[in-house]
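Here the structure is laid out as structure tokens; the discussion comes afterwards.
The values are calculated or read from the model by the stated rules, or taken from the named source; none is laboratory data. What you see is a predicted model; the values in this text were computed from it and never measured. Note that we place each Cβ from the backbone using ideal geometry, even for glycine, and neighbour counts take in every protein chain shown. Just so you know, the surface numbers come from the protein's heavy atoms only, side chains and all, with ligands and any DNA or RNA stripped out. Shrake-Rupley method; radii C 1.70, N 1.55, O 1.52, S 1.80 Å.
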Amino acid sequence: MSAQITTVQIGQSKYDLQTNNSIERRIVVDPTTKNLTATYTGSSKVDGTFDDRGTGYAFFDGTDWKNAQGTTMTTPITSYPTRPETVRIGWPNPVYVGNKEIIISHQSTGASNGLWIISRPNKGTGTWTQNALTTGAETWPRAAQDGNKIVVISSVYQTTFNGVDGGIQIMKSSDAGAT
């Protein structure tokens, strides 16, 4: 028995450092509805600064692909779509908690680093809320969820945290990301 795999181009990026030597989950699927969110680190620039770096985003509702604003897109998508956040981020990690959609990323504006969180109350639609999750030198997060619990691990880069230089940080939320 063999499986038929269908591929769909859901965006394009000129930012060439997608994995940072460790691939995190970039796709999350709702086990009931089979809706999915796919993310990637995106940029439309090739100047090396990538000041528009952010979340490449696509949501599939079983019929249509939609961008971060909920507008239906026609595939193949050969451009970097409008991103859901307003700061320079990378390595987006999507999770679903109930009907809520959350993406945790590494913020890097040049002036500050840390982890960035965006969320909206309904998967694939609605207004995004965005906030700094941390404001230190935390980078390259990996996020997972189970029920209302979200666990995030990240590298603590170029700084000392609890006496460890270049260590790993673990954060947990038991209330769907509210704290």
Per residue, how many Å² of accessible area does the chain show with a 1.4 Å probe? 53
Separation of the LEU17 and VAL29 label points, Cα + 7 Å toward Cβ, nm: 3.2
At q = 0.10, 0.13, 0.26 Å⁻¹, the log10 of I(q)/I(0) for the range 1-82 from a Debye sum over equal Cα scatterers comes to -0.28, -0.46, -1.32
The range 1-124, dipole about Cα centre (Lys/Arg Cβ +1, Asp/Glu Cβ -1), debye to the nearest 20: 140
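What is the total of Lys pairs in the chain with C-alpha atoms under 16 Å apart, excluding same-chain pairs fewer than 8 positions apart?
Details: LYS14/LYS45; LYS34/LYS66; LYS34/LYS100; LYS34/LYS123; LYS66/LYS123; LYS100/LYS123; LYS100/LYS149; LYS149/LYS172.
Qualifying lysine pairs in the chain: 8.
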Under a 5 Å amide H to amide H cut-off, with H placed in plane at 1.01 Å, what residues pair with ALA58 once short-range neighbours are removed? ALA38
Which residues qualify? For GLU85, with a placed amide H closer than 5 Å and at least 5 residues away or on another chain, they are THR55
To the nearest 10 square angstrom, what accessible area does THR78 show with a 1.4 Å probe? 90
Measure off 7 Å from each Cα along the Cα-to-Cβ vector at THR125 and ALA111, then give the distance between these two points in nanometres to one decimal. 3.7
Segment LYS45-MET171, length gained on full extension (0.36 nm per residue, minus Cα span): 42.1 nm
How long is the chain along each principal axis, judged by its Cα atoms, biggest number first, in Å? 51, 41, 40
